[in-house]
Amino acid sequence: MRTSRKRIRKIVLVAILLLIAMKMFGPTWTPPIRGANSISTLKQIEINGTGHEVMIRGKDRHNPIIIFVHGGPGCSEIPYVTKYQDLLEQYFTIVQYDQRGSGKSYHFFEDYSGLNSDLLVDDLLALTDYVEQEFGQNKVLLIGHSFGTYIGMKAAAKAPDKFAAYIGIGQVADHVESERDSLAFIIDRAKQAGNLKEAEQLELLRGPVERGESYTPRSVIRKYGGAARLIDDNGDYYTGFLFHPEYNGLDVLRYVKGVALSQERLLQEETEHDITHLVRKLDIPFYFVMGQYDYMTSVKAAKKYYEELEAPSKDFIVFEQSAHYPQFEEKESFASWLQQTWTQSLQSLFITLILPE
């Protein structure tokens, strides 16, 4: 009896170790989508001399293409985003990718000393060329989120011929103005919550924030609902890392290394080279999409930038229940808005570009 129990314990231990090994080093994939013309791929593509992880999903590969540019910097959305983009996959072919040095595009022995936003812009433009050639389309819809809007705006300004339109979700704008708004928000919320000592401590940040020397603490913004209100954005990463098949344990390590690599240097670049000075005009339609309670990137600062930015057409959309993730927090409303916007404003442009002669 005692021998039998020892044997069972050994079997259980071996099974647990095998499961850990499989999660750590096992193959990764993205779940299939039903449909004769559907596409669901996850693979490395060489772009400008380095491997980029690219996930492409959609019910019909002939649908219009969207390229999403993730934020962070370094915060890939591939580990969890399939739970939020299922409605969009019905009408669009969705391209998600890990930027150079981020997530599964981080390579342990690669030299990243030259990493900057211009390099990420060139990677995005090369990816766009690849996607357009692969699917036989001449233009795609470009969507950036958070810091991804910094990359997206620069790409749209540099090569407008590649894109039908640009959409900035949680759009970055004047850095100091945005951080000032965020700091005022959390100080006010701390006072309302009766956390007066915390409010006093936060008040000490006012000088450094207004001089562009410091960021408003993201953990405190998150604490008071300025990051997400209808989802658990950090929890999405944990469940994605553990249970979604797109990342294994080694990829999680790559993710952590990529965040450590890119955040400080790219955020410093954004601070020193404000997007409101770099891009003053777009030659394509653009849309800024904000959550009403977003204090990771200030709605007020984004609106001011929107009013100053020239373009053939533009619109400023606010989702009233969301913070920094309206595309996730109100995914049904966002999908409906995007489909309607496509139908009304963009479809006529694509008819002459996509339909075969």
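If you go through the range 58-90 and keep only what is acidic (Asp, Glu), crowded, with 21+ Cβ neighbours inside 10 Å and free of Cβ contacts under 8 Å to residues at least 60 places away in the same chain, you end up with just GLU89. As a summary of the residue check, ARG280 satisfies the conditions (1) surrounded by fewer than 18 Cβ atoms within 10 Å (Cβ to Cβ); (2) under 21 Å from the mean Cα position of the chain (by Cα); (3) modelled with pLDDT of 95 or more except for the one numbered (2). Of all residues in the range 182-205, those that are among the hydroxyl-bearing types (Ser, Thr, Tyr) have Cβ atoms under 8 Å from Cβ atoms of residues that are assigned to a helix (DSSP H, G or I) and surrounded by 16 or more Cβ atoms within 10 Å (Cβ to Cβ), 6 or more apart or on another chain, in SER182/ILE221. Each residue in the range 211-253 was checked for being part of a helix (DSSP H, G or I) and either under 24 Å from ILE169 (Cα atoms) or out of contact with any Lys or Arg (no Cβ under 6 Å at 6 or more places or on another chain) (or both), and 20 pass.
Condition first: free of Cβ contacts under 8 Å to residues at least 12 places away in the same chain, charged (D, E, K, R) and either touching a strand residue (DSSP E or B) at 6+ places or on another chain (Cβ under 9 Å) or surrounded by fewer than 16 Cβ atoms within 10 Å (Cβ to Cβ) (or both). Can you find one or more residues in the range 263-272 that meet it? Walk me through it before giving the result.
Taking the range 263-272 first, the residues free of Cβ contacts under 8 Å to residues at least 12 places away in the same chain are 264, 268, 272.
Now restrict to residues that are charged (D, E, K, R): 264, 272.
Then keep just the ones that are either touching a strand residue (DSSP E or B) at 6+ places or on another chain (Cβ under 9 Å) or surrounded by fewer than 16 Cβ atoms within 10 Å (Cβ to Cβ) (or both); that gives 264, 272.
For the range 263-272, residues free of Cβ contacts under 8 Å to residues at least 12 places away in the same chain, charged (D, E, K, R) and either touching a strand residue (DSSP E or B) at 6+ places or on another chain (Cβ under 9 Å) or surrounded by fewer than 16 Cβ atoms within 10 Å (Cβ to Cβ) (or both): present.
Considering only the range 115-163, state which residues are polar (S, T, N, Q) and over 20 Å from ASP274 (Cα atoms). Within the range 115-163, THR128, GLN133, GLN137, ASN138 qualify.
The criterion of at least 3 residues that are under 11 Å from the mean Cα position of the chain (by Cα) is met by the following strands (runs of 3 or more DSSP E) wholly inside the range 56-162: 65-69, 140-145. Within the range 111-145, the set of residues being surrounded by 19 or more Cβ atoms within 10 Å (Cβ to Cβ) and aromatic (Phe, Trp, Tyr) comprises PHE135 only.
Among the residues of the range 101-120, those that are within 14 Å of GLY72 (Cα to Cα) and either of a type in the set (Gly, Ala, Ser) or touching a strand residue (DSSP E or B) at 6+ places or on another chain (Cβ under 6 Å) (or both) comprise GLY101, SER102, GLY103, SER117.
The values are calculated or read from the model by the stated rules, or taken from the named source; none is laboratory data. Being a predicted model, the structure only gives us computed values, none of them experimental. Glycine gets a Cβ as well: all are built from the backbone with ideal geometry, and neighbour counts include every protein chain shown.
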